[in-house]
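S.K.: I am attaching a structure below and will ask some questions about it afterwards.
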Amino acid sequence: MGKYPNVFLRSGLLFFILIIGLEGYSQKNDTLYFLNGDRVSGEIRQYKYGFLTYKTYGVGTTKVKYDKISTFYSSKSFDILLSNGRRWFASFDTSYMDQYLNIVTLNDTILTPLIEVVEFIPIKNGFWRKMTGTVDIGYSFAKANSLSQLSGATDIRYVHRGYQLAMKGNTLVTTQDETPDIKRNDLTLSYFKRLGKTWFAGTALSGEQNSELGLDLRLQASFVGGNEVLHTNTNNLMAFAGLVVNQEYNIDTTLSRWNIDGVATLSYRLFRFQDPEINITSNLTAYPSFTVPGRYRVDFNISAKITIISDMYFNLSFYENFDSKPPSENAANSDYRISTSIGYSF
């Protein structure tokens, strides 16, 4: 049993309830023009992977493929990324040419082919409306051995001009009669600032608990720099490296130890708009230790989110954590799990 209260799940769920409850109402004053001559009024939500997410009056949210769009208009501000890595903070005006947009900045209007636009998201007015994210929850119970598992995950992002704030968390609690509870929880708060077209720097604070690896609590601060190596309508590859400082508490004793580690991460995302829509995300992170000779940690996770209907999705995920020298001598070196859950994006 751990010495620290399990606050990860409760903190995450309360945060999500607050976000969803305060999600504001948007005026639907955008206009979408189709190649066949039709037009419709509504609200532009985002453009990613060659599809425009659009909310219309009385119909709901729909996705329109880029090859059906002539042009569109919106006076709201957007964070716009082009295929050459150029980023604009601007609004949109209609173009006299099919499949072209006018990107309207404070000082200029740039005629741009739609095919060169990788993605854009609205820079909304108000703190809560600038947030996007997902929340997953899963539960299983077996009467034969009284085994129950509760899992949850969240990924919340606050997008602003030039920087991004994020909160990401996971929780897994396994209980069984006459057996100690198994807990795996983590929560990370991060800040990333853009440096030029594809470079960025950031810092993060995190807490982690994993009873299988003998870890009662790890408090960690990270400092990294990286590059967005690839960003197209279907693929996104990011690489970053840096330094982490952490303090670890193991399950067996009241003692703790300080560590200084390196960190290197590859993050890849693949999107396919089919029937159903599929979004695959994977991360591989290595932590070579500078203070414990011969120690290194490796974290890997991959998830596939399959849209069920509208903003609801089914999530199939896998993770594995490896520690060559875990804090507790009696702990295992690795921990892995395959899980399923139902999620909601906003």
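S.K.: Given the options R218, R39, R272, state which has the largest fluctuation in a GNM of the chain using a 10 Å cut-off (strictly under) for Cα springs.
M.R.: It is R39.
S.K.: Turning to a different aspect of this structure: For segment 205-325, what does the relative contact order come out to in percent, with C-alpha contacts under 8 Å and a separation of six or more?
M.R.: That works out to 16 percent.
S.K.: OK, next. How large is ³J(HN,Hα), in whole Hz, for each residue of segment 325-337 in order, when computed from phi with the Karplus curve 6.51 cos²θ - 1.76 cosθ + 1.60 and θ = phi - 60°, using x for Gly and Pro?
M.R.: Karplus-based 3J(HN,Hα) across segment 325-337 equals 9, x, x, 9, 5, 8, 7, 6, 7, 9, 8, 9, 7 Hz.
S.K.: Amide H to amide H under 5 Å from G214: which residues, 5+ apart in sequence or cross-chain, H placed 1.01 Å off N in plane?
M.R.: Answer set, sorted by chain and number: A332.
S.K.: Do any of K76/K193; K48/K168; K55/K168; K193/K305 go past 25 Å between their Cα atoms, and which?
M.R.: Pairs exceeding the cut-off: K55/K168; K193/K305.
S.K.: HN-Hα J couplings of segment 73-87 from phi, Karplus 6.51/-1.76/1.60, θ = phi - 60°, integer Hz, Gly and Pro as x?
M.R.: Values per residue, Gly and Pro as x: 10, 7, 8, 6, 8, 10, 8, 10, 10, 9, 5, 8, x, 6, 10 Hz.
S.K.: Angle between the Cα long axis of helix 8-22 and the longest principal axis of the chain, 0 to 90 degrees, nearest 10?
M.R.: Helix 8-22 sits at roughly 20 degrees to that axis.
S.K.: While we're looking at this one, here's another question. Which whole-number percent of Cα pairs in the chain have a distance greater than 30 Å?
M.R.: Counting every Cα pair in the chain, those more than 30 Å apart make up 43 percent.
S.K.: Along the charge dipole of the chain, Cβ charges K/R +1 and D/E -1, which of N259, T154, S303 sits furthest on the positive end?
M.R.: The residue sitting most towards the positive pole is T154.
S.K.: While we're here: Before anything else, pin down the relative contact order of the chain: Cα pairs under 8 Å, at least 6 apart, normalised by residue count, whole percent.
M.R.: Computed value for the chain: 11 percent relative contact order.
S.K.: If you don't mind, another one. Which order do the peptides 231-241, 204-214 take when ranked by the mean count of other beta-carbon atoms within 10 Å per residue, highest first?
M.R.: 204-214, 231-241
S.K.: Please turn the phi angles of segment 108-119 into ³J(HN,Hα) values with the Karplus equation 6.51 cos²θ - 1.76 cosθ + 1.60 (θ = phi - 60°), one per residue in order, whole Hz, x for glycine and proline.
M.R.: Calculated HN-Hα couplings, in order: 7, 10, 10, 6, 9, x, 4, 5, 8, 8, 7, 6 Hz.
S.K.: Counting helices only, and only those DSSP H runs with n ≥ 4, report the 222 nm mean residue ellipticity of the chain as the sum of -39,500 (n - 2.57) divided by its residues, in deg cm²/dmol to the nearest 500.
M.R.: -1500 deg cm²/dmol
The numbers here are math on the coordinates, done by the rules we state, and not lab data. Remember, predicted model here, so these are calculated numbers, not experimental data. All Cβ positions, glycine included, derive from the backbone under ideal geometry; neighbour counts span all protein chains shown.
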